[in-house]
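The values are calculated or read from the model by the stated rules, or taken from the named source; none is laboratory data. Just so it is clear, the structure is predicted and the values come from calculations on it, not from any experiment. Cβ atoms come from the backbone with ideal geometry, glycine included; neighbour counts cover every protein chain shown.
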Amino acid sequence: MRLGERIDAANAEAVRRMLGARPHWVDVLPAREVVAGMGARDVFHSGPPVTWERMSGAQRGAVQCAARFEGWTEDPSTFAFAPNHERGGVGPMAGVVSPSMPLFVVEDRASGRRAYAALEEPRMNFGAFDDAAVALRRYWRDELAPALGRAIRAKGGIDLVPLIARGLHRGDEMHNRPAAATSLLLLDLTPDLLRTSEQEVAIRTIEYIHADEIFFLSLSMGASKLMADAARDVELSTIVTAMARNGTDFGLRVSGTGDEWFTAPSPVARGLFVSGYTAADAGADMGDSAITETVGLGGFVLEGAPAINEMFGATAAEAAEAAAAMRTITIAEHPVWTMPVLDFRGAPLGIDLRKVVDTGVLPIIDTAIAHKDPGHPIIGAGLTRPPFACFAQALRAFARRYA
Amino acid sequence: MIRTRILANTYRDSGTLMTLAAKLQDEPDVVRAMAIMATPRNRELLATMVSLPPLEAGPGDLLVVVEGDRAEAALAKLEQLLVRRVSSSSSSRARRVAVTNANLAMISVPGPFAAREARKALRNGLHVFLFSNGVALEDEIALKADARERGLLLMGPDCGTAIIDGVPIGFANRVRRGSIGIVGASGTGIQEVTTLIHRIGGGITHAIGTGSRDLSDAVGGAATLHGIELLARDEATETIVLISKPPSPEVAERVLAAARATGKRVVTCFVGGTRTLEAAALDACGLDAPVPAQPVTRNPPPVIGLFSGGTLASEARALTHGDIVDLGEEEFTRGRPHPMIDPTIRIERIRQVPAEATLLLDVVLGEGSHPDPAGALLDAIRSRNGITIASVCGTELDPQPRDAQVAKLREAGVMVARSNAAAALGDLAELSRLPTPPAARSAAPLFGSPLAALNIGLDSFAETLDGHSVPVERVDWKPPAGGDEELAQILERLL
């Protein structure tokens, strides 16, 4: 068999595994209980590996927030940094995780494999480390996370693939707009919250989720992570298994090249800004949330989420055109994640490294925008694309290994 | 009889489920059909309607229940009924028509990348019209062998013209359909013969371009032989015309033997040899060629030919012994469009032709050519006081109707001959015509189904097909690997 055909077969297998995962949200627990062997000064972060010296402003701000939250007084450069992706999880934006931070726990009920997703919120994740940012994390740790944990354990887990499908049918794309899925999740969880928490706690939890339309992002990321992980380490496969950014570098992982990161400077997203901020304030793209695009969500299903186009300054037709082009770099369509506006055509998934290099069509990623300096909450949202150089490097490494 | 089926992890919207149930209900001998997501509440509801054995199904699973004598048969169709309809509407995407059943790729990207695009197209089961030149000889040989193996036709590289099912591809003219099929290794040679046949009163089934090198020893006539085979099978084709520059004797023999073996009438024209393109066109229509006027050999006025068509230039060169320049040669086209599109270089050159010389021109009409090729030359022609003889290759159906083009030239004092050969010979007699044109026979689709194309490269090729109501999808082509050749080579090994 020609090498290309063997790669095709390996890619089909990788996507089969991706689609075979059955991600469920099963728990909410502190990081130290989720990640075996997490050290007392371990700090996980989004994107590929990065040192304190090279760390972006927003990510440094988030680390400072984590230190305040944990009550640490040491110099942050002494912390033991590691990417979430290398510790079995993902985190939005800065994605900073310290031992007491609560994490969403997701489980692939097909394989038993687990993964974590760090909290979505608009402050520390973007580099703020003021009292409000610390207080929000404390509220999470002390009340929200325990309440959610009790409810989901009582429920016995929530199957995320059909929930995401229902959200897509209601105009979500699951990265910047998981609004419908958040509502559906809240409806599903409310009886369990009321059964397992005191009424006041339950009500505050319901109100918090109700006020936070992006709440579901952690879970769409967790589900995506389990699916992408299922497709990892398939010999000869050129399917992308992770796209992640730390505000300094963009990192890419490919199934057939295992855990190796292919990195290049992270781009700055184009988009809209919160009042008081401009494009000149924007830091380079950041977060593990592009794991959603890795499995066909986010930018890949913009056609089905016209409500967010305005956020990106694109017309519906432009966004649809960009998303439709993703079918030229993917090898499959999700059988369940479909879009009514496309007569229920499935989300394009299984990004083939070869197709990206061949066509020069780069994955389109929805993203939020953080400030380039520490100390700010969310400043905007927009669209971005990975640097071509990551894909070029990955292809060279793949060829060295297999060709 | 009640039958159930569970599709695990198959979420469908309630509308889809109702549609599915309705489709199942339409199956023969089905009394009732239900399709639900197996949530506890839905299952309770179901239980009030039908009694079922305990089932292992969760909220993410699709549960289908069918009641009827042939429930099993209906359920066997389940997967098929669940398949989504392929969207055919793409009105929001301007100028993009999704061609899911394309059978021809038109490739006109720069030479170094062209072989690769052709290889991809063949791999995807598409016939190929490869306009690009600069494809390596070994690539051409390999591509033609690959095409052969897959039963696909590869026209080119360096193929400028074809007519498939009456639709002009590349630089081609609009001509009547009829009973004459053409296989040619020369673009303007095919244009001259097809337009002359049209003007004589005949018609064309298909004209298959093979690329300029096809009849070389190295390529061995691979595309020509394939083209002959296709025309042999095409019932509407009664006469086969072969056009090329003189091939090597062995290849010529092989190709002629193949053509004769079809049992159809065969007309050959090896340009630059003893027979003109006009004679071949007349012969193909069953008319005798006029006795060629002898070129004036005693004290002839110097002839300077400024040509846009390569084959037309070759023919004129053989007939006049004049100074015939093919302005489509690479030395003139580097960094600018071909003179059939951009008349600038010809205008410059015309102004330099001395008054005592006879200026010989070809004016090539048709799809892809300049919108007014005669008009563009008039000022330059008028500015020199000398004799100009031209031929106009085209038909009255072309985007630039031939009559109007001829009239413009004549008004400027140009002598317009009936054909390229006649112009070269200074023969101004009219073209012979068939007394009554034979009824046009409509040819069967050459590729077994109606033409539908992918266009990779020059948009004007796609526009031509738009004008003929042939579905064409424009591929947004960029050089592979971002133009990095080393990376492109690595990629090539992995495809």
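Just one of the numbered conditions (1) free of Cβ contacts under 8 Å to residues at least 24 places away in the same chain; (2) over 22 Å from residue B:165 (Cβ atoms); (3) not aliphatic (A, V, I, L, M) is not true of residue B:466: (2). Quick check: anything in segment B:396-405 assigned to a helix (DSSP H, G or I), among the basic types (Lys, Arg) and at pLDDT 90 or above? Within segment B:396-405, one or more residues are assigned to a helix (DSSP H, G or I), among the basic types (Lys, Arg) and at pLDDT 90 or above. When B:368, B:375, B:386 are checked against the criterion of being within 23 Å of residue B:422 (Cβ to Cβ) and touching a strand residue (DSSP E or B) at 6+ places or on another chain (Cβ under 9 Å), a single residue qualifies: B:386. Only one of the numbered conditions (1) touching a helix residue (DSSP H, G or I) at 6+ places or on another chain (Cβ under 9 Å); (2) at pLDDT 95 or above is violated by residue B:227, and that is (1).
Exactly one residue out of B:172, B:121, B:142, B:115 is farther than 21 Å from residue B:244 by Cα and at pLDDT 95 or above: that is B:142.
Screening segment A:1-119 for strands (runs of 3 or more DSSP E) wholly inside it with 1 or more residues that are more than 19 Å from residue A:226 (Cα to Cα) and either within 14 Å of chain B (Cβ to nearest Cβ) or of a type in the set (A, V, I, L, M) (or both) returns the ranges A:42-45, A:80-83. Take the residues of segment B:231-251 that are in a helix (DSSP H, G or I) and surrounded by 18 or more Cβ atoms within 10 Å (Cβ to Cβ): which is farthest from the chain's Cα centre (by Cα)? Step by step, filter segment B:231-251, then rank; the result is B:251.
Checking each residue of segment A:142-161 against the condition of being touching a residue at least 40 places away in the same chain (Cβ under 8 Å), crowded, with 24+ Cβ neighbours inside 10 Å and within 14 Å of another protein chain (Cβ to nearest Cβ) gives at least one match. The sole residue among B:360, B:378 that is in contact (Cβ under 8 Å) with a residue 12 or more places away in the chain and part of a strand (DSSP E or B) is B:360. The set of residues from segment B:339-376 being basic (Lys, Arg) and crowded, with 17+ Cβ neighbours inside 10 Å comprises B:346, B:349. Quick check on residue A:304: is it modelled with pLDDT under 95 and under 16 Å from residue A:176 (Cα atoms)? Considered against the rule, which asks whether it is modelled with pLDDT under 95 and under 16 Å from residue A:176 (Cα atoms), residue A:304 comes out as yes. For segment B:420-438, the condition of being farther than 30 Å from residue B:360 by Cα and within 14 Å of chain A (Cβ to nearest Cβ) holds for none of the residues.
Of the residues screened, residue A:300 is one that is surrounded by 23 or more Cβ atoms within 10 Å (Cβ to Cβ), aromatic (Phe, Trp, Tyr) and closer than 19 Å to residue A:172 by Cβ. When restricted to residues that are touching a helix residue (DSSP H, G or I) at 6+ places or on another chain (Cβ under 8 Å) and either surrounded by fewer than 24 Cβ atoms within 10 Å (Cβ to Cβ) or modelled with pLDDT under 95 (or both), segment B:128-139 contains 7.
None of A:398, A:388, A:344 is at the interface with chain B (Cβ under 10 Å from one of its Cβ atoms) and either among the charged types (D, E, K, R) or on the phi > 0 side of the Ramachandran plot (or both) except A:344. Taking into account only those residues within segment A:167-182 that are touching a residue at least 40 places away in the same chain (Cβ under 8 Å) and outside any helix (DSSP H, G or I), which is nearest to residue A:322 (Cα to Cα)? Ranking the qualifying residues of segment A:167-182, first place goes to A:173. Sort out which residues of segment A:295-310 are more than 16 Å from residue A:161 (Cα to Cα) and β-branched (Val, Ile, Thr), and write them in order of number. Within segment A:295-310, just A:308 meets the criteria. The number of residues in segment B:4-58 that are exposed (fewer than 14 other Cβ atoms within 10 Å of the Cβ), closer than 24 Å to residue A:340 by Cα and aliphatic (A, V, I, L, M) comes to 2.
So if I check each of A:238, A:248, A:196, A:205, which one is of a type in the set (Ser, Thr, Tyr) and within 28 Å of residue A:57 (Cβ to Cβ)? Before the answer, list the steps.
Details: A:238 fails: within 28 Å of residue A:57 (Cβ to Cβ); A:196 fails: within 28 Å of residue A:57 (Cβ to Cβ); A:205 fails: within 28 Å of residue A:57 (Cβ to Cβ).
After applying the criteria, what remains is A:248.
The condition (being more than 17 Å from the chain's Cα centre (by Cα), within 13 Å of residue B:244 (Cα to Cα) and in contact (Cβ under 8 Å) with a residue 12 or more places away in the chain) is satisfied by just one residue among B:215, B:196: B:215. Of all residue pairs spaced 6 or more apart or on separate chains, those with beta-carbon atoms under 8 Å, a first member in segment B:473-495 that is more than 8 Å from chain A (Cβ to nearest Cβ) and in contact (Cβ under 8 Å) with a residue 60 or more places away in the chain and a second member that is surrounded by fewer than 16 Cβ atoms within 10 Å (Cβ to Cβ) and in a helix (DSSP H, G or I) are B:474/B:459; B:485/B:112.
Condition test on residue A:359, is it in contact with a strand residue (DSSP E or B) (Cβ under 8 Å, 6 or more places away or on another chain), at the interface with chain B (Cβ under 10 Å from one of its Cβ atoms) and in contact (Cβ under 8 Å) with a residue 12 or more places away in the chain? Spelling it out, it is not the case that residue A:359 is in contact with a strand residue (DSSP E or B) (Cβ under 8 Å, 6 or more places away or on another chain), at the interface with chain B (Cβ under 10 Å from one of its Cβ atoms) and in contact (Cβ under 8 Å) with a residue 12 or more places away in the chain.
Note on segment A:275-325: residues that are in a loop (DSSP other than H, G, I, E, B), aliphatic (A, V, I, L, M) and more than 14 Å from chain B (Cβ to nearest Cβ) total 5.
Just one of the listed residues (A:352, A:373, A:366) is of a type in the set (Asp, Glu), away from chain B (no Cβ under 11 Å) and under 22 Å from residue A:302 (Cβ atoms), and it is A:366. Only residues that are in contact with an Asp or Glu (Cβ under 8 Å, 6 or more places away or on another chain) and of a type in the set (S, T, N, Q) were counted in segment A:52-78, giving 1.
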